[in-house]
Amino acid sequence: MTDTLSRPLRLNAVSYPAAVPGVALPAYDRDKVTVGVVHFGPGAFHRAHQAFYFDQLLAQDPRWGLCAVSLKSPGVRDALQPQDGLYTLAQLDAETTFRVVGSILEVLVAPEDPPSVFARLAAPTTRMVTLTVTEKGYCLTGDGKLDLAHPDIVHDLAKPREPVSAVGYLVEGLRRRHLAGLPPYAVVACDNLADNGWRLKAAVVAFAESIDPALAAWIEAEGRFPRTMVDSITPATDDALRARVEAATGLTDAWPIQREAFTQWVVEDVLGPDAPDLASVGVTLTDDVRGFERAKLRLLNGVHSTIAYAGLLKGHETVFEAISDPDLAKLAEDLMVQDIIPTLTAPRGLDLLAYAQAILGRFRNPEIRHLLSQIAWDGSQKLPFRILGTVADALEAGRPVDRLALPLAAWMHFVRRRAAEGVKIVDPLADRLVETAAACTGDARADVAQFLKLEPVFNRDLTANATFVAALEKAYGELA
Ligand code: CS2
């Protein structure tokens, strides 16, 4: 559809029915949809994943529209508000499809408008809060507890009615519900952390404990915080995608989203009878999330991070390029089969070897330009869940950890190289990483010792393990 200057119209509630035929459109009357879910962190992954599942659910039950809340920047609101919350999801794979997603009804920017966020959290119709705030958004210490020294948590504990962190908002919302005699909302953590829901519950209860023990006891007893596994490869949006979406749909979209066709959401089956019927739209509800979650974190994310750091060192730019490099493909496969799978317990019905092969197949998707630098972000937060758990299990079982040391050593070289080039390191520990890099001399033993001082990343069991340290030094020397 075009205007008089024959430029495509902007996607919005009026224009979307005129999308090019074949583009999937919301299969429900958006005017009848009400907000039932508040989501913190409406980045690309949320819009590729949970918002897509709710978009399907709305076709049968209009109570589960989304109120998306950005905790920091207004970017998503500014892009989606003129589009009435609509955006295009491009599934780029052997078959390419485009879909206009309608499940996001509003986007709030928390720092600009806390009262609206509190009102949504405290509404009787809000039954669920979902989160994709990335690993660092949970404000946890290296051993997984609420980080009471984190500046946002320090702030929120001093001013609990004016929170800035996700945990602070969750607790303030729950406090208001408790006061109003409402049941708590279910809190569904959707980030790549081992035991994500349990960790978040412990953090929320610890926070509440410091301000109101009765509230903490109520959350402990009544709160539902299922653990989850989420999966769909979602590269960041770029101009090429905007152009492709405009050509395919006939409408301009300021912030479309791209992902592979594959998507999976596994949720611990503790949501109770009032929950949305997620199973009806393909979500797996199970009592064995841990099996799925460990397999995905270690096989997919662990190997993603491996080829990101090792691939960047070799001059590759994308996952597709890196996995097309025979040396890296062999490293990925050997890690999966020989080092990672032996640490996993397959959930019912999952063949781990076939799962690993399927993941490598997904990395070979030529339709997707997934930048290694995107995966390399936040290494200090990601490596403990993706690689170090496997290392700990392997050490305990008396197996070698030489190959597992390679991604860690590659990360160290990556950090050193970025720091030396003066390129910004995207990581909550960036300052410490730059200091660490500055203290490095090129000597494997001395440099590894510098990195091992980063105790939020490497716990004491690891730094005190001579086998592990020797493997790291060897890998670091080999990659130099
Ligand atoms: C990636 C993940 O950016 C990263 O660190 O490893 O975002 C990965 O693409 C998703 O977890 C896939 O589900």
- So, in the stretch 295-339, of the ones that are basic (Lys, Arg) and surrounded by fewer than 24 Cβ atoms within 10 Å (Cβ to Cβ), which residue ends up nearest to the ligand (Cβ to nearest atom)? LYS296
- LEU146 passes all but one of (1) touching a strand residue (DSSP E or B) at 6+ places or on another chain (Cβ under 8 Å); (2) within 30 Å of ALA19 (Cβ to Cβ); (3) buried (at least 20 other Cβ atoms within 10 Å of the Cβ); which number fails? (2)
- Message: Just to check your reading of the model, which residue among GLU421, GLU455, GLU478 is of a type in the set (D, E, K, R), surrounded by fewer than 16 Cβ atoms within 10 Å (Cβ to Cβ) and without any contact (Cβ under 8 Å) to a residue 24 or more places away in the chain?
- Response: GLU421
- Task: Spot the failing condition for ALA48; the list is (1) more than 16 Å from the ligand (Cβ to nearest atom); (2) small (Gly, Ala, Ser); (3) within 15 Å of the chain's Cα centre (by Cα); (4) over 16 Å from GLU106 (Cβ atoms), and only one is missed.
- Result: (1)
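Residue by residue, here is whether (1) touching a residue at least 24 places away in the same chain (Cβ under 8 Å); (2) out of contact with any helix residue (DSSP H, G or I) (no Cβ under 8 Å at 6 or more places or on another chain); (3) among the hydrophobic types (A, V, I, L, M, F, W, C) holds:
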| residue | (1), (2), (3) |
| --- | --- |
| ALA376 | yes, no, yes |
| PRO400 | yes, no, no |
| ALA405 | yes, no, yes |
| ARG416 | yes, no, no |
| GLY442 | yes, yes, no |
| ARG445 | yes, no, no |
| ALA471 | yes, no, yes |
- Among the candidates VAL167, VAL133, residue that is under 19 Å from the mean Cα position of the chain (by Cα), surrounded by 24 or more Cβ atoms within 10 Å (Cβ to Cβ) and either in the same structural domain as ALA24 (by TED's automatic domain parsing) or within 16 Å of the ligand (Cβ to nearest atom) (or both): VAL167
- Report the residue count in the stretch 173-196 for those that are buried (at least 18 other Cβ atoms within 10 Å of the Cβ) and under 14 Å from GLU222 (Cα atoms). 8
- Message: Can you pull out every residue in the stretch 436-476 that is within 20 Å of ALA419 (Cα to Cα), in contact with a Leu (Cβ under 9 Å, 6 or more places away or on another chain) and of a type outside the set (A, V, I, L, M)?
- Response: THR436, PHE451, PRO456, TYR476
- Out of curiosity, is ARG224 over 16 Å from ALA166 (Cα atoms) and not hydroxyl-bearing (Ser, Thr, Tyr)? yes
- If VAL245 satisfies every condition in (1) within 16 Å of the ligand (Cβ to nearest atom); (2) crowded, with 24+ Cβ neighbours inside 10 Å but one, which is the exception? (1)
- Which residue pairs have Cβ atoms under 6 Å apart, sit 6 or more places apart or on different chains, and have a first residue in the stretch 277-297 that is under 19 Å from ALA186 (Cα atoms) and a second that is polar (S, T, N, Q)? VAL281/GLN56
- Query: Does at least one position in the stretch 213-223 carry a residue that is in a loop (DSSP other than H, G, I, E, B) and in contact (Cβ under 8 Å) with a residue 40 or more places away in the chain?
  - Reply: yes
- Enumeration of residues in the stretch 326-355 that are more than 17 Å from ALA310 (Cβ to Cβ) and acidic (Asp, Glu): ASP351
- Message: Quick check on the stretch 388-395. Is at least one of its residues under 21 Å from GLY311 (Cβ atoms), within 16 Å of the ligand (Cβ to nearest atom) and in the same structural domain as ARG298 (by TED's automatic domain parsing)?
- Response: yes
- Kindly indicate whether GLY282 is modelled with pLDDT of 95 or more, at positive phi and within 16 Å of the ligand (Cβ to nearest atom). yes
- Message: With in contact (Cβ under 8 Å) with a residue 12 or more places away in the chain, touching a Gly at 6+ places or on another chain (Cβ under 9 Å), away from the ligand (no atom under 16 Å from the Cβ) and of a type in the set (A, V, I, L, M, F, W, C) as the only criterion, which of LEU344, LEU352 stands out?
- Response: LEU344
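The values are calculated or read from the model by the stated rules, or taken from the named source; none is laboratory data. Only a predicted model underlies this, so the values are computations on that prediction, with no experimental measurement involved. We place every Cβ from the backbone using ideal geometry, glycine too, and count neighbours over all the protein chains shown.
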